[in-house]
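Asks: Please find one structure pasted underneath; my questions will follow.
The values are calculated or read from the model by the stated rules, or taken from the named source; none is laboratory data. Keep in mind that what you see is a predicted model, and the values were worked out from it rather than measured. Here the Cβ is made from the backbone with ideal geometry for all residues, glycine too, and neighbour counts use every protein chain on show.
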Amino acid sequence: PKSPKGICGAGADTIVARNFLREVTGGTSAHSDHARHVALLMQEICEGTETTYTIKDEQAVFEIAELYGIQTESRELQEIAAQLAAIFIGDFTEQTHPIKTLGLAPQKTRQTWENLGVAPQGIDRMIVEAMHRTHMGVDHDYKNILMHAFRQSISNGWGGSRIATMASDILFGTPRALKSEVNLGILEEKNVNIIVHGHEPTLSDMIAIAVKQPDIIEYAKKVGAHGVTLGGICCTSNEILMRHGVPIAGSFLQQELAIVTGAVEMMIVDVQCVVPSLPQVAEHYHTKIVSTVDMAKTIGADPFDFDEKHPLESAKDLVKLAIDNFKNRDQKSVQIPKEKQTLIAGFSVREIKYMLGGTFRASFRPLNDAIIQNRIKGIVGIVGCNNPKFKTDHYTNVLVKELIKNNVLVVETGCNAISSGKNGKMTPETALEYAGQGLKEVCETVGI
């Protein structure tokens, strides 16, 4: 560079480290705020606050309580769930001690974090500290800044993200393996088509229930539709896919394309991954873009005040607005692609253990044995979205194909899972066709 340092004396390493930490902080805040929303709802249910949300998975309450060492014998379910909710929320507000959810990690891993000094305190404190560190004139040591990025990422993965998963399983049910479909071909020309897009499960879960109600189906038939088709975009799609079998319309880069089919009556959005161009695209079609979260408004979108005290009634009102829009569809503009693929999803920890050992011997033992015997070389988790700079889905599909060919088990979520689904890689036949010999044998043995 023309000058190796900025006018304040900061070198390239320091500047890059600061920017990187702020990116990590942005991701942590997004995942964790999502978790906070679900944890607070869980607390409200346990306190008896007026709402029709309930605890759907009682088994999950006892399983998760055991992980935290909570006494469950001779105690009411609501009391145990309330203690869990307090732990979840406490992990956000803790100021001096490591968050309690770190205790769910393996002992060796926790010891490594402690030795390196990267065990995080409260999630909120880590976020505030990161913003303070990267403010003008504070932390100039790029190594020290990056250590906080590690601390921050742990508070994200083992804090916010883990809490979101556990609280969602308790409130909406732990996923079980199921069959569904993916890609824009899931839209139906003769149905009212509704897309849910974003990340919050509270609304999408109720929408998934609402579209199946007899009065809603009858309401749709009165306007000339055969029924209502619900599809998902991005992470909301994964939530309602795993718990309701709702098909996926597409990934991040397909949100505008869903509108361009001319067949979508309404796209319901909440937070994260929602591009501001949606209302501009929708201007050329009849699609209504409806924003449901006050902190995430989009210019040109119709606001809708979702009532969490009466969620099903509120969801039905929204679905009826979509049905009312069916008459405005220009049938000449409808172009629904035929492409869609079958997929199998819903592999929660409980479901994986069941598939490996059955009801009475559920465990990871067969998987551990396969790794020890070197039939499986390792396990890789892949998440994230497509980048518009590259051919859609290409690099993730190539990566997944190469990994399983080399006997690496791949666990996916987010838009990467959607990419693999569209590519036909989310079925048992994938192992037979693409997996290396060791991985193939294991998959055939356990039936995945």
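Asks: Could you list, in sequence order, all residues of the stretch 53-83 that are polar (S, T, N, Q) and within 24 Å of Thr202 (Cβ to Cβ)?
Replies: To start, the set of residues in the stretch 53-83 that are polar (S, T, N, Q) comprises 54, 59, 71-72, 74, 78, 83.
Passing the criteria: Thr54, Gln59, Gln78, Gln83.
Asks: State yes or no: is Ile344 within 15 Å of Ala431 (Cβ to Cβ) and either in contact with a strand residue (DSSP E or B) (Cβ under 8 Å, 6 or more places away or on another chain) or basic (Lys, Arg) (or both)? Full working, then the answer.
Replies: Details: within 15 Å of Ala431 (Cβ to Cβ): yes; either in contact with a strand residue (DSSP E or B) (Cβ under 8 Å, 6 or more places away or on another chain) or basic (Lys, Arg) (or both): yes.
Yes.
Asks: Then there is this: Only one of Ser333, Ser363 is in contact (Cβ under 8 Å) with a residue 12 or more places away in the chain and in contact with a Gly (Cβ under 9 Å, 6 or more places away or on another chain). Can you tell me which?
Replies: Details: Ser363 fails: in contact (Cβ under 8 Å) with a residue 12 or more places away in the chain.
One residue alone meets the criteria, Ser333.
Asks: Further question: Output the residues belonging to the stretch 188-233 that are farther than 19 Å from Asp294 by Cα and among the hydroxyl-bearing types (Ser, Thr, Tyr).
Replies: Scanning the stretch 188-233 gives Tyr219, Thr229.
Asks: Any chance the stretch 213-228 includes a residue that's under 19 Å from Glu239 (Cα atoms), assigned by TED's automatic domain parsing to the domain that holds Val275 and of a type outside the set (Val, Ile, Thr)?
Replies: no
Asks: I'd like to check something: does the stretch 125-138 contain any residue that is of a type in the set (D, E, K, R), without any contact (Cβ under 8 Å) to a residue 24 or more places away in the chain and either out of contact with any helix residue (DSSP H, G or I) (no Cβ under 8 Å at 6 or more places or on another chain) or more than 28 Å from Ala208 (Cα to Cα) (or both)? Full working, then the answer.
Replies: Start the filter on the stretch 125-138 by keeping residues that are of a type in the set (D, E, K, R), which leaves 125, 129, 133.
Keeping just the survivors that are without any contact (Cβ under 8 Å) to a residue 24 or more places away in the chain gives 129.
If we keep only those that are either out of contact with any helix residue (DSSP H, G or I) (no Cβ under 8 Å at 6 or more places or on another chain) or more than 28 Å from Ala208 (Cα to Cα) (or both) too, we end up with 129.
The answer is yes; a qualifying residue exists.
Asks: Quick one: which helices (runs of 4 or more DSSP H) lie wholly within the stretch 1-101 and hold at least 2 residues that are aromatic (Phe, Trp, Tyr) and crowded, with 19+ Cβ neighbours inside 10 Å?
Replies: Because the criterion is at least 2 residues that are aromatic (Phe, Trp, Tyr) and crowded, with 19+ Cβ neighbours inside 10 Å, the helices (runs of 4 or more DSSP H) in the stretch 1-101 that meet it are 77-93.
Asks: Right, here's the next one. Within the stretch 399-421, can you find the residues that are surrounded by 17 or more Cβ atoms within 10 Å (Cβ to Cβ), assigned to a strand (DSSP E or B) and β-branched (Val, Ile, Thr)?
Replies: Answer for the stretch 399-421, where residues must be surrounded by 17 or more Cβ atoms within 10 Å (Cβ to Cβ), assigned to a strand (DSSP E or B) and β-branched (Val, Ile, Thr): Val408, Val410.
Asks: Still on this structure, please answer the following. Which residues, counting only those in the stretch 427-440, are at pLDDT 90 or above and either assigned to a helix (DSSP H, G or I) or of a type in the set (Asp, Glu) (or both)?
Replies: Those that are at pLDDT 90 or above and either assigned to a helix (DSSP H, G or I) or of a type in the set (Asp, Glu) (or both): Tyr434, Gln437, Gly438, Leu439, Lys440.
Asks: Mind listing whichever residues of the stretch 427-441 are within 13 Å of Val410 (Cα to Cα) and hydrophobic (A, V, I, L, M, F, W, C)?
Replies: Within the stretch 427-441, Ala431, Ala435, Leu439 meet the criteria.
Asks: Another question, if that's okay. Can you list the helices (runs of 4 or more DSSP H) found entirely within the stretch 293-386 that contain at least 2 residues being surrounded by 17 or more Cβ atoms within 10 Å (Cβ to Cβ) and not assigned by TED's automatic domain parsing to the domain that holds Pro276? First the steps, then the outcome.
Replies: Values: elements: 311-324, 349-357, 365-372.
Once the helices (runs of 4 or more DSSP H) in the stretch 293-386 are filtered for at least 2 residues that are surrounded by 17 or more Cβ atoms within 10 Å (Cβ to Cβ) and not assigned by TED's automatic domain parsing to the domain that holds Pro276, what remains is 349-357, 365-372.
Asks: Does Ala263 meet the test of being buried (at least 22 other Cβ atoms within 10 Å of the Cβ) and assigned to a loop (DSSP other than H, G, I, E, B)? Break it down stepwise before answering.
Replies: Working: buried (at least 22 other Cβ atoms within 10 Å of the Cβ): yes; assigned to a loop (DSSP other than H, G, I, E, B): yes.
It is true that Ala263 is buried (at least 22 other Cβ atoms within 10 Å of the Cβ) and assigned to a loop (DSSP other than H, G, I, E, B).
Asks: Taking the stretch 192-216, which residues are assigned to a loop (DSSP other than H, G, I, E, B) and within 12 Å of Val319 (Cβ to Cβ)?
Replies: Step one: of the stretch 192-216, the residues assigned to a loop (DSSP other than H, G, I, E, B) are 198-200, 211-213.
Residues satisfying the conditions are Val211, Lys212, Gln213.
Asks: Which condition number does Gly424 fail, the rest of (1) assigned to a loop (DSSP other than H, G, I, E, B); (2) touching a helix residue (DSSP H, G or I) at 6+ places or on another chain (Cβ under 7 Å); (3) closer than 19 Å to Thr342 by Cα being met?
Replies: The single condition Gly424 does not satisfy is (2).
Asks: Any residue in the stretch 412-434 that is under 19 Å from Gly198 (Cβ atoms) sitting within a Cβ distance under 7 Å of a residue that is in a helix (DSSP H, G or I) and of a type in the set (Val, Ile, Thr)? List the pairs, counting only those 6 or more apart or interchain.
Replies: Within 7 Å, the pairs are Asn416/Thr396; Ser419/Thr396.
One line per residue, one yes/no per condition, for (1) surrounded by fewer than 22 Cβ atoms within 10 Å (Cβ to Cβ); (2) among the hydroxyl-bearing types (Ser, Thr, Tyr); (3) in a helix (DSSP H, G or I):
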{"position": "His135", "(1), (2), (3)": "yes, no, no"}
{"position": "Asp139", "(1), (2), (3)": "yes, no, no"}
{"position": "Lys143", "(1), (2), (3)": "yes, no, yes"}
{"position": "Phe150", "(1), (2), (3)": "yes, no, yes"}
{"position": "Asn156", "(1), (2), (3)": "no, no, yes"}
{"position": "Ser161", "(1), (2), (3)": "yes, yes, yes"}
{"position": "Met166", "(1), (2), (3)": "no, no, yes"}
{"position": "Asp169", "(1), (2), (3)": "no, no, yes"}
{"position": "Gly185", "(1), (2), (3)": "yes, no, yes"}
